[in-house]
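What follows is one structure encoded as structure tokens, with my remarks underneath.
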Amino acid sequence: MDETKRPLRIPPEFTMYAEKNEIFSLYERMIQELIVGQPSDPLDHMIDFLHRENDDISQIMIIGPPASGKASIAQLINKESNIQKIDTDELLTVDTEQVKRARGCLENDVDIPGDTLGALVKERVSKKDCADNGWMLVGYPKTRDQALALQRHGIFAKHVVFLESPDMVLIERFMGKRVDPTTGDIYHLTFEPPESPDVTRRLKPVENQSEKFVRKRLLHYHRNIEGVRSAVQNGSTKIINADQPKTDVYAQVYHFLCQQPDPLLRSARGLYYRVREAVARQHRQDY
């Protein structure tokens, strides 16, 4: 028989070795990196990828309507674990052409184009603090275009949290929301007032604090959220009721982040079981 046509003989022990060392998961991430990045020198790119590969780091998206508590939950996670929080303010701190375009979109009440957002996020997550501690994208993606563009730029979340709450609750929260300009901490005049009188005196209303504004934002959210959900199914997703005390919401989010298996293994498991079945079938034929 022509050796080039002979069936590939894979020892059955290999499946055990591959499972123990997550070979299929690593293989999938490498292929994903090549397809998304399309580097001019694939070999050098893979060597660099393997040097910086750290499957233990967190890669999180926290998505929800306005006043659902995204920023507060992200801040608690950051304090607990030092996972780097990436939000609009974080992305638009530098003064580049892409940042100027993004600022112009926000000033004109237009969504940041997907590829612009993808490039900004990719640049941010490539920095050492995100590579070492993981990253947490807060409030993005807002549209399906942004979600798909993030994937084209190689941004895949392992955990995606969706916070949900009735619109009337969110409107009430938004109208009572206050921010401490010194620390950036978020408070609510009714539900979560600050304990310190000094902090209370510093509090400022959030930008565009009107019922008309928040209703417009809620309408935009409801129009786009299903498209976002369908685009981020590559990771583990969790819908959490945000209409409860912040400590309860945080506890559920943190439990989800700690207990869920690595979502990148999801499709790798499918590959693993297909290969395992093929190896077992070949093993039976050989004996």
Residue check, residue 174 in a helix (DSSP H, G or I) and of a type in the set (Phe, Trp, Tyr): yes
Filter pass, residue 141 being at pLDDT 90 or above and either on the phi < 0 side of the Ramachandran plot or outside any helix (DSSP H, G or I) (or both): yes
Residue in the stretch 148-164 that is most open to solvent (accessible area, probe 1.4 Å), counting only those that are in contact with a helix residue (DSSP H, G or I) (Cβ under 8 Å, 6 or more places away or on another chain) and within 30 Å of residue 188 (Cα to Cα): 159
Residue within the stretch 98-114 that is in contact with a helix residue (DSSP H, G or I) (Cβ under 9 Å, 6 or more places away or on another chain), of a type in the set (D, E, K, R) and under 19 Å from residue 33 (Cα atoms) present: no
Options 19, 28; residue that is assigned to a helix (DSSP H, G or I) and either open to solvent by 60 Å² or more (accessible area, probe 1.4 Å) or modelled with pLDDT under 70 (or both): 19
For residue 185: the one exception among (1) open to solvent by less than 40 Å² (accessible area, probe 1.4 Å); (2) among the acidic types (Asp, Glu); (3) touching a Gly at 6+ places or on another chain (Cβ under 9 Å): (3)
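Do we have residue 60 as open to solvent by less than 30 Å² (accessible area, probe 1.4 Å) and within 16 Å of the chain's Cα centre (by Cα) here? Talk me through it step by step, then tell me what you get.
On the way: open to solvent by less than 30 Å² (accessible area, probe 1.4 Å): yes; within 16 Å of the chain's Cα centre (by Cα): yes.
For residue 60, the condition - open to solvent by less than 30 Å² (accessible area, probe 1.4 Å) and within 16 Å of the chain's Cα centre (by Cα) - is met.
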Members of the stretch 194-233 that are more than 19 Å from residue 173 (Cα to Cα), outside any helix (DSSP H, G or I) and open to solvent by 80 Å² or more (accessible area, probe 1.4 Å): 233
The stretch 108-118, residues that are closer than 14 Å to residue 154 by Cβ and buried (at least 17 other Cβ atoms within 10 Å of the Cβ): 114, 117, 118
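For residue 94, indicate whether it is surrounded by fewer than 21 Cβ atoms within 10 Å (Cβ to Cβ), β-branched (Val, Ile, Thr) and either modelled with pLDDT of 85 or more or part of a helix (DSSP H, G or I) (or both). Talk me through it step by step, then tell me what you get.
Values: surrounded by fewer than 21 Cβ atoms within 10 Å (Cβ to Cβ): yes; β-branched (Val, Ile, Thr): yes; either modelled with pLDDT of 85 or more or part of a helix (DSSP H, G or I) (or both): no.
Here the answer is no, as residue 94 does not meet what is asked.
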Cβ-Cβ under 9 Å pairs, at least 6 apart or on other chains, the stretch 240-260 side touching a residue at least 40 places away in the same chain (Cβ under 8 Å) and of a type in the set (Lys, Arg), far side in a helix (DSSP H, G or I) and surrounded by 14 or more Cβ atoms within 10 Å (Cβ to Cβ): 246/72; 246/73; 246/76
Per-region count, the stretch 168-182, residues within 10 Å of residue 67 (Cβ to Cβ) and open to solvent by 40 Å² or more (accessible area, probe 1.4 Å): 4
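The values are calculated or read from the model by the stated rules, or taken from the named source; none is laboratory data. Keep in mind it's a predicted model, so treat the numbers as computed, not measured. Glycine also receives a Cβ, built like all others from the backbone with ideal geometry; neighbour counts cover every protein chain displayed. The protein model used for the area step is the full one, side chains on, heavy atoms only, and it has no ligands, DNA or RNA in it. Shrake-Rupley method; radii C 1.70, N 1.55, O 1.52, S 1.80 Å.
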